[in-house]
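Enquirer: Quick one: the structure is below, questions incoming.
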Amino acid sequence: MTVFALPVGAALLLTGCNAQDGISAAPTGSAAPTATPTPTVTASAPQSALPRLDGNATVVMSVKGSPITIEVYGADAPITAGNFVDLVEKKVYDGLVFHRVVREPQPFVVQGGDPQGKNPNFPIEQLGTGGYVDPATSQPRNIPLEIEPENANEPVYGKTLDGVKPKLKHTRAAVAMARSSFPDSASSQFYVALADLNFLDGNYAVFGKVTQGMDVVDKIQQGDRIESAKVTQGIENLKVGATSPSSASPTTTP
């Protein structure tokens, strides 16, 4: 596990985190919710080729037979929200594991969405490195870091916004995308904030909020699975272009 030392007040990035790793000296006492694609992709689909959500949508996940309702905010995070809703529609999340649950020394996040977890024989402790690969093209889909500042009319892409308040904040029940240290590396892994995590604001893309079922989220344990995920409202707001551009030439870093 690689640890990147950052100044006090900054989110600590860990490579290949799992629920047992990553307790650090970050402000909340926990490592940032990080997903490291294997290999790390440094180029992917242009924004025009990625799904977009032009408006809001509602997703209902079932865990242990109980529903978790997520309001997805396409108005403020159209690409991040569109990616999530598109993956829900493709049934990517059905059967996947919550591989990282951090409640001690204080509530932090519940994280899941690694497609490798669909294999029941894949070790949970090795999850956290996978992302969505389009089966039609065998190409990974990574999305740009997308954060809309307060009082702005559109998001900023591809860079963190330290010191700038975002419109969508890491309040308790916020749903956001995990990523590696490369800003544009989010894919399918997401997390739910178990407490207000303002030190993550401007560094990770919030795109939704649990509006019902946080009592279910609070009981999730490492290894629990998403039984199903369905779009119950707003699917007409999803705009899907090319699933993966033929011109994209993903590169990797060691």
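Enquirer: Would you confirm whether any residue within the stretch 198-215 is in contact (Cβ under 8 Å) with a residue 24 or more places away in the chain, aliphatic (A, V, I, L, M) and in a helix (DSSP H, G or I)?
Expert: Checked the stretch 198-215: at least one residue is in contact (Cβ under 8 Å) with a residue 24 or more places away in the chain, aliphatic (A, V, I, L, M) and in a helix (DSSP H, G or I).
Enquirer: To continue, here is another question. Can you tell me which residue is most open to solvent (accessible area, probe 1.4 Å) among those in the stretch 98-135 that are of a type outside the set (S, T, N, Q) and in a helix (DSSP H, G or I)?
Expert: The residue in question is Glu125.
Enquirer: Taking only the stretch 79-97 into account, find how many residues are within 29 Å of Val156 (Cα to Cα) and either open to solvent by less than 10 Å² (accessible area, probe 1.4 Å) or assigned to a strand (DSSP E or B) (or both).
Expert: 11
Enquirer: Okay, next question. Hey, could you check the stretch 160-175 for residues that are in a loop (DSSP other than H, G, I, E, B), more than 16 Å from the chain's Cα centre (by Cα) and without any contact (Cβ under 8 Å) to a residue 60 or more places away in the chain and say which is surrounded by the most Cβ atoms within 10 Å (Cβ to Cβ)?
Expert: Leu161
Enquirer: Taking the condition of being buried (at least 24 other Cβ atoms within 10 Å of the Cβ) and more than 14 Å from Pro78 (Cα to Cα), how many residues in the stretch 141-152 meet it?
Expert: 2
Enquirer: Look at Glu125 and say whether it is charged (D, E, K, R) and under 29 Å from Glu236 (Cα atoms).
Expert: Here the answer is no, as Glu125 does not meet what is asked.
Enquirer: Any idea which of Tyr73, Tyr132 is over 26 Å from Gln221 (Cα atoms), among the hydroxyl-bearing types (Ser, Thr, Tyr) and touching a Lys or Arg at 6+ places or on another chain (Cβ under 8 Å)?
Expert: Tyr73
Enquirer: Still on this model: Given the options Glu146, Glu150, Glu125, name the one that is more than 25 Å from Val101 (Cα to Cα) and of a type in the set (D, E, K, R).
Expert: Glu150
Enquirer: While we're here: For the stretch 50-64, give me the residue count where each residue is over 25 Å from Val217 (Cβ atoms) and open to solvent by 10 Å² or more (accessible area, probe 1.4 Å).
Expert: 2
Enquirer: When only residues in the stretch 140-159 that are in a loop (DSSP other than H, G, I, E, B) and of a type in the set (D, E, K, R) count, which is farthest from Asp86 (Cα to Cα)?
Expert: Per the criteria, the residue is Glu150.
Enquirer: Okay, moving on. When both residues are 6+ apart or on different chains and their Cβ atoms are under 8 Å apart, which pairs have a first residue that lies in the stretch 86-101 and is over 19 Å from Asp218 (Cα atoms) and touching a residue at least 40 places away in the same chain (Cβ under 8 Å), and a second that is open to solvent by 20 Å² or more (accessible area, probe 1.4 Å) and hydrophobic (A, V, I, L, M, F, W, C)?
Expert: Final answer for the pair search is Asp86/Leu238; Asp86/Val240; Val88/Val231; Glu89/Val231; Glu89/Ile235; Glu89/Leu238.
Enquirer: Is it the case, given these coordinates, that Ala75 is at negative phi, open to solvent by 10 Å² or more (accessible area, probe 1.4 Å) and modelled with pLDDT of 95 or more?
Expert: Considered against the rule, which asks whether it is at negative phi, open to solvent by 10 Å² or more (accessible area, probe 1.4 Å) and modelled with pLDDT of 95 or more, Ala75 comes out as yes.
Enquirer: Among the residues in the stretch 93-104, are any under 27 Å from Ser48 (Cα atoms) and touching a Phe, Trp or Tyr at 6+ places or on another chain (Cβ under 8 Å)?
Expert: no
The values are calculated or read from the model by the stated rules, or taken from the named source; none is laboratory data. Keep in mind that what you see is a predicted model, and the values were worked out from it rather than measured. Note that each Cβ is placed from the backbone with ideal geometry, even for glycine, and that neighbours are counted across all protein chains shown. Note: accessible area is taken over every heavy atom of the protein model, side chains too, but ligands, DNA and RNA are not part of it. Shrake-Rupley method; radii C 1.70, N 1.55, O 1.52, S 1.80 Å.
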